[in-house]
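A short write-up of the structure that comes next.
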Amino acid sequence: MRCSWWIAGIAIATALQAVLAPAAHTPTAPASKTAPAPRKPDPQHVSADEPLLKKWSSDKAAEYLDKWASYHEGKTCLDCHETYAYLLARPYLSTPGKRHAERRAAAEAYAAGLLKEQWSPEVTDPKPVQRPVERRITEALMTGVVLAQHDAATTGKLQKVSRDLLDGMWKIQRPDGAWHWLKTGEPPSVTDDQYGAVMVAMGTGLAPDQYAQTPAAQAGLKKVRTYLREHPPRHLHQRLLLMMAHKAIGELMSPEEKQKTVADLFELQRPEGGWAMASLADWKRIDKTPQNLTDSDGYGTGFAVYALRLAGDVGAADPRIRKAIAWIETHQRESGYWYTRSPKINDAMSTYVGTSYVIMAMHLCGEIPGDRGSR
C-alpha cells in the first residue's frame, strides 16, 4: 500500500503524489477538409483543457470516482491514493452500489493484515525510524480513521474492524503525542508528523458511538493536544486542518485564532469565487515551474468550502460560499472531475482528491440532489 497524499485530510485524509508520466500529446492529424474533434483526455491524465460540462452533475462525479477508485492498486496493496478519498466522499452521491461495497471490503481486508502487525518497540521511540516503518504506521492510522468516518457517513455505527484499528493507534503513539508519520516531502500530507496527529484527532472525534469518550481515546487525545500545541501550524493549509481537528476534539484553537484563520482564507478567495490549492502554503513543484496561485481549482475550492462549513461556522447562505458554489457548478469537466494542478507534480491524484473534497463541500452546503445527509 503506497501512501503519499491526503486527504486529504479528510479527512479527510488521503495520500497523494506518486509520480506518473505526463499525458501524451495528441499527434498532429494529416491535413483534411474537416478538422478532427479534439481528443478527450483520459481522466487519469486529467487536463485543464478538457471541456466543461454545461451543467454540474453529481452522477458524473460518482461515475468518475467509481471508475478510478483503485487505479494504482497492486496485487499486495490497497490503493490508498484514491480509496481513502473515495470512501469519504462517495456516500454522499447517488446510491452507492457494487463499486462502493467493493472498496469498503478492500479496505477492511487490508485492515485485517494491519491488525496482525507485530509492532517493534521502535515505533514509540522518539528517534526517527526507517521509511518502511513510517509507511506501515501511516497505513494503520489512515485506514482506521477513514473507516471510522465512513461508518459515520453510512451506518452511523462504529464497526468492529474500525474500532479495533482506532484502539490500536494508541498502542503505537509516541510519548510526545504524535506518531512516526510518513515523510517523503510531498505536500500536503507527507511532510511532517503534524499531519498524522491532526488526522487522528479528526478521525477519533468524528467516529460514531462516542468513541472519543472511551478511556483509551481520552488518554491518547490528551497527548495529541499537547503535541499540536507544541508544534503549531506553519502555513494556512495546516491552520485549516487544525481548525477542523479543533471542531472534532476541542481545545486546540482560541476563538481569535479561529476567526483569523477564516479571515485569512477568505482573503485568498479568487474573484471568480474559488481558491487555488497552491496558494494555501509555500509548496515547491518538483519540476521547478512556478505555482499557479491565481486560478481556482478543485482541491483549493473544495477543501476551503469544506473547512469553512465543517469548522469555520460559515453558513451555506453566506454570499462568499454561494460564490464558491457557483464556481463549482460551472467548472466540472466532462469526465466528472474538477481539475487541480498539483503543487508537486501529479495532477491526476490532486484532481481525484480535490474532486472528493468538492463533493464533501457540496454535501455540507446541501447542494447534492437526493443527498440524505445534506445540511
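Where a number appears in this text, it was derived from the coordinates with a stated rule and is not lab data. Just so it is clear, the model here is predicted, and its values are computed rather than measured. Every residue, glycine as well, gets a Cβ built from its backbone with ideal geometry; the counts of neighbours run over all protein chains shown.
Ratio of alpha-carbon Rg to the 2.2 N^0.38 Å globular estimate for the stretch 199-293, to two decimals, please. Provide the component values of the computation, followed by the final result.
Working: Rg = 16.1 Å, N = 95, 2.2 N^0.38 = 12.4 Å.
Expressed relative to 2.2 N^0.38 Å, the Cα Rg reads 1.29.
If we sort 229-237, 294-302 on the protection proxy, mean other Cβ atoms within 10 Å, highest first, what's the order? Each step should come with its number before you reach the end.
Working: 229-237: 15.4, 294-302: 25.9.
Put in order of decreasing packing, that is 294-302, 229-237.
Other residues within the sphere of radius under 13 Å centred on the Cβ of residue 287, judged by their own Cβ, net out at +4 (K and R +1, D and E -1). Using R0 = 30 Å, the C-beta based FRET efficiency linking residue 318 and residue 294 works out to 0.85. Between residue 286 and residue 95, the simple label model (points 7 Å from Cα in the Cβ direction) yields a spacing of 4.2 nm. Applying 1/(1 + (r/R0)^6) with r as the Cβ-Cβ distance of residue 131 and residue 218 and R0 = 22 angstrom yields a FRET efficiency of 0.10. With N as its number of residues, the stretch 251-375 has a Cα radius of gyration that, divided by 2.2 N^0.38 Å, comes to 1.05.
Quarter the surface of the alpha carbon convex hull of the stretch 148-221 and you get the mean projected area, 5.1 square nanometres. Placing +1 on the Cβ of every Lys and Arg and -1 on the Cβ of every Asp and Glu, with no other charges, gives the stretch 250-332 a dipole of roughly 160 debye about its Cα centre.
Calculate the FRET efficiency for residue 117 and residue 49 from the Cβ-Cβ distance with a Förster distance of 41 Å, rounded to the nearest 0.05. Kindly include the intermediate steps, with their values, before the conclusion.
Working: r = 44 Å, r/R0 = 1.08.
After rounding, the FRET efficiency stands at 0.40.
A protection proxy built from the mean count of other Cβ atoms within 10 Å ranks the segments 119-126, 210-217, most packed first, as 210-217, 119-126.
Peptide packing: for 173-184, 303-314, 101-112, the average count of neighbouring Cβ atoms within 10 Å per residue gives the ranking 303-314, 173-184, 101-112, highest mean first.
Cα centroids of the stretch 85-104 and the stretch 271-298: how far apart, whole angstrom? Comparing the Cα centres of the stretch 85-104 and the stretch 271-298, I get a distance of 29 Å.
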